[in-house]
Every structure is written in C-alpha cells, then in structure tokens.
Amino acid sequence: MLWSIRGHTQGQPCDSTPPFVCSPRPPPLSPGSEVNPSHSNMTDSAKLHQPHPQAKGERNHAGDFSYVGIDAILEQMRRKAMKQGFELNIMVVGQSGLGKSTLMNTLFKSKVSRKSAQPNPDEKIPKTIEIKSISHDIEEKGVRMKLTVIDTPGFGDQINNENCWQPIMKFINDQYEAYLQEEININRKKRIPDSRVHCCIYFIPPTGHCLRPLDVEFMRRLSKVVNIVPVIAKADTLTLEERDDFKQTIREELRANGIDVYPQKEFDEDADDRLINDKIREMIPFAVVGSDQEYQVNGKRILGRKTKWGTIEVENIAHCEFAYLRDLLIRTHMQNIKDVTGSIHYEMYRVRRLNESNAHPGPAPGSGPAHTNGQTKVNGVPPNGMTAQHEVLTHEM
Ligand SMILES: Nc1nc2c(ncn2[C@@H]2O[C@H](COP(=O)(O)OP(=O)(O)O)[C@@H](O)[C@H]2O)c(=O)[nH]1
Ligand SMILES: [Mg+2]
C-alpha cells in the first residue's frame, strides 16, 4: 500500500516543535497539498538533466578556481538516499490492553502518515495473539519510507511470567541472524533487507507507583540488545501531578537498576548531541495517549479520545506526549536510532556469533539438513564456517 501524506499544516494548534528538535522544520506544504510523486510526469533522466536552481545563499562557483566542490557530496548523498528510501522497524511490547496496537495505529494515522482515505469506523483492532509485522510505505516530498511496526501479544500476561521476555529476545536475535546470514553470503544482495528491530517501545502501566519487577527485568535484559524507549501507557488516566511524579520515579528506578534506555548517554557523539539528548532523557518516559478515532474540534479533524468532559487530542502536547515520541522516532532521531542498532547492538551480536562459529568450525555432527537460506556454500560448508544449524542464541551480555 502506498500512502501519500500531508505536510505539516500551518497553524494547527496541536502542532508544536518538541524541545529537542535541533534543526528548523521543513517548510510547510501549501494547505491541502498532497505529495504524490505520480503527479510529476517528468522522467528520472529528465529530472537529472534539469539545471539545478541555485540554492539560497549558494555561491556561483563559475570562475572560482579555488573551489574544489567537496560540498557537492551532500547533494550526491541526498540523491542516493532519496532513491533508496528509508526503513524503520519499531516493535511495541507491554501487557495486553495497554494500548499498544492503538498507539501504532495512532502513529500511522497521525501526521506521520495521515491516511488520505477516511478511516473505516468499523475497523476494530483485533487482539494481538502473535508477533506480527505490519509495513506501510509512506511518501513525503519525494522521500520514501517503509515504516514497519512489530506488534507483540500481551507481555507478562501469564500467572508465571518467568522468562516471558524470551520470545521477544528470540525474535530480535532472529532478525540479527537473518541479516548476518545475508551479510556473509558470497553472492550477497546489493542491499540487504533489514528486518532488524531498530527500536522497542516498552509500555509501562499507568499505576502511578513504581516499575514492576517484570518491567525492570525486561528493560534490563533487552536494553542490551535493542534500543528501548519506555512510555507510560494510557497517560490520560493520571493527573498532571501524578504523571510528573511517576515519570520522576521511573527515571530514578531506571538509573538505580543500571538500565540504559535510548538515547544512551555513552553514545552521545559530541557536546551538541549531549545537549539535545539530555533534554530527551529528562522527558523520558513519554506519557502517551493513543487513539485511531478522528473528531472535529474547532473545525479541524483531530485524532482524539472523546470523553464526557472533553476530547483528549493525542497530537496536542498540552494534552499528552505522543507528539514527542513520534518526533523522536521519525523527525529527529531516526537515523541515529538505526545507527546505534547497526553499529552497537547488531555489531555485538555479529562479533559474538562469528567468534562462536570460529570456535566450532564446520557443520555440527549429525546436524541434519543445512540451514543456509539458499546461500552459497563453499565445499558444502556454509560461508565463514558457520555451523549448519545454529541454536537460537540469547544475545545477552
Ligand atoms: N484511556 C485510554 N484507553 C486507551 C488508550 N489506548 C488504547 N486504549 C483502549 O484500551 C483498549 C486496549 O487497546 P489495545 O490497543 O487493543 O491494547 P493492546 O492489547 O496493548 O494492543 C482499547 O479499548 C483501546 O481503545 C489510551 O491512551 N487511553
Ligand atoms: Mg494489541
């Protein structure tokens, strides 16, 4: 499904810049304009040969013999990125009924990807019974993004929740393994499909007390293999004071338990990063409210929850912090979230996996049919001496 999305409509009351946005937002599209690449009937090659209008402030370098043109790399990178598009995989985890599926629908229906078509009011969110990925192709101003949400069934719903984090850990490791297998393949694809979980949104129940041992255990283990962004679910059930106190308590508990959630302090690259990320760390966990219902408020259609005493606007930062979460994931930190996944979490998995296979080269005796996902084998041995069948690793440090 390819959706066009609207730009940021000017003057919308619920649209406000989060405190951690470092660069100015892209200029709004003209009201009502819908970005749709099919509107342009110019071919790619024609576009390439169009003279580039001189950007504002850009110097004309004709006759400037000292100009090397290194800055043109930015335009080359931009063009390449536009062609390739972007991918982001987000996983949601938490007890059943905390609004995980609703929040993901909110994300898809919010300004990230407001559906051009009106939502079907009969569309009910089914109970999630298995780990399920849903992808949406979003396009804005010619930039394509594939946003995949991995919805998980109720986490910690059992009477005995011992090891209940394991299926989630397994799913995350399976994606790293799939990526690794593609990477070590002799005839590897030009672009490896990336199903790695870039970010895991962990839903904390709005108890107003403290984290449960289960929350601590999950985040302690999983924060070592994936970027965790904790949120307080159904924040409309807390008063503003309760919300602030609860947020403070959670931050203290995370610190006390040595849980490093995203954005991790140790990966701040410079002072600027630190400044921006410190602001986010002061706000975490985001107190969110989800809804996939649209209402008319002051002549504008908004996503909200209608109650007897008013309508909670989910994208209004005066009502809840959903917009901050969305901006962190999409507008301000998407590339960094992916970079940390690739260079820290996946790298740790890769090193460990390859060390293991070097320690036990060759196929395991009696290992049965080779698990090679159709890859090229050298002399019957999977690439890099990987054992034919590997057990599922718990990638824990
Ligand atoms: N009060 C309130 N209810 C919510 C919120 N988000 C979802 N719900 C409701 O909670 C119920 C469970 O939501 P669902 O998304 O299926 O939860 P999941 O099991 O975590 O996926 C539904 O009736 C939703 O309408 C919220 O932010 N606040
Ligand atoms: Mg669900």
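Inside region 163-206, residues that are touching an Asp or Glu at 6+ places or on another chain (Cβ under 7 Å) and in a helix (DSSP H, G or I) make up a count of 1. Of all residues in region 202-235, those satisfying the criterion of being within 25 Å of the chain's Cα centre (by Cα) and either open to solvent by 70 Å² or more (accessible area, probe 1.4 Å) or hydroxyl-bearing (Ser, Thr, Tyr) (or both) are 202, 220, 223, 224, 234. Would you pick out the residues in region 277-327 that are surrounded by 17 or more Cβ atoms within 10 Å (Cβ to Cβ), touching a Ser or Thr at 6+ places or on another chain (Cβ under 9 Å) and hydrophobic (A, V, I, L, M, F, W, C)? Across region 277-327, the qualifying residues are 280, 288, 289, 302, 303, 312, 314, 317, 322, 323. Evaluated against (1) within 17 Å of residue 89 (Cβ to Cβ); (2) among the charged types (D, E, K, R); (3) within 16 Å of ligand 1 (Cβ to nearest atom), residue 157 falls short on exactly one condition, (1). Could you go through region 224-237 and let me know if any residue there is out of contact with any strand residue (DSSP E or B) (no Cβ under 8 Å at 6 or more places or on another chain) and part of a helix (DSSP H, G or I). For region 224-237, residues out of contact with any strand residue (DSSP E or B) (no Cβ under 8 Å at 6 or more places or on another chain) and part of a helix (DSSP H, G or I): present.
Residues in region 144-182 that are over 18 Å from residue 102 (Cβ atoms) and among the charged types (D, E, K, R) were compared, and the one that is surrounded by the fewest Cβ atoms within 10 Å (Cβ to Cβ) is 162. Just to be sure, is residue 262 of a type outside the set (D, E, K, R) and within 16 Å of ligand 1 (Cβ to nearest atom)? No. Residue 244: among the acidic types (Asp, Glu), open to solvent by less than 50 Å² (accessible area, probe 1.4 Å), away from ligand 1 (no atom under 13 Å from the Cβ) and not in a strand (DSSP E or B), yes or no? No: the conditions fail for residue 244.
Does region 259-274 contain any residue that is open to solvent by less than 10 Å² (accessible area, probe 1.4 Å), within 29 Å of residue 292 (Cβ to Cβ), touching a Lys or Arg at 6+ places or on another chain (Cβ under 8 Å) and not aromatic (Phe, Trp, Tyr)? Yes, there is a match, as at least one residue in region 259-274 is open to solvent by less than 10 Å² (accessible area, probe 1.4 Å), within 29 Å of residue 292 (Cβ to Cβ), touching a Lys or Arg at 6+ places or on another chain (Cβ under 8 Å) and not aromatic (Phe, Trp, Tyr).
The values are calculated or read from the model by the stated rules, or taken from the named source; none is laboratory data. Quick caveat, the model's predicted, so the values are computed rather than measured. So basically every Cβ, Gly included, is an ideal-geometry build from the backbone, and we count neighbours across all protein chains shown. For the accessible areas, the whole protein counts, side chains as well, though only heavy atoms, and no ligand, DNA or RNA atoms are used. Shrake-Rupley method; radii C 1.70, N 1.55, O 1.52, S 1.80 Å.
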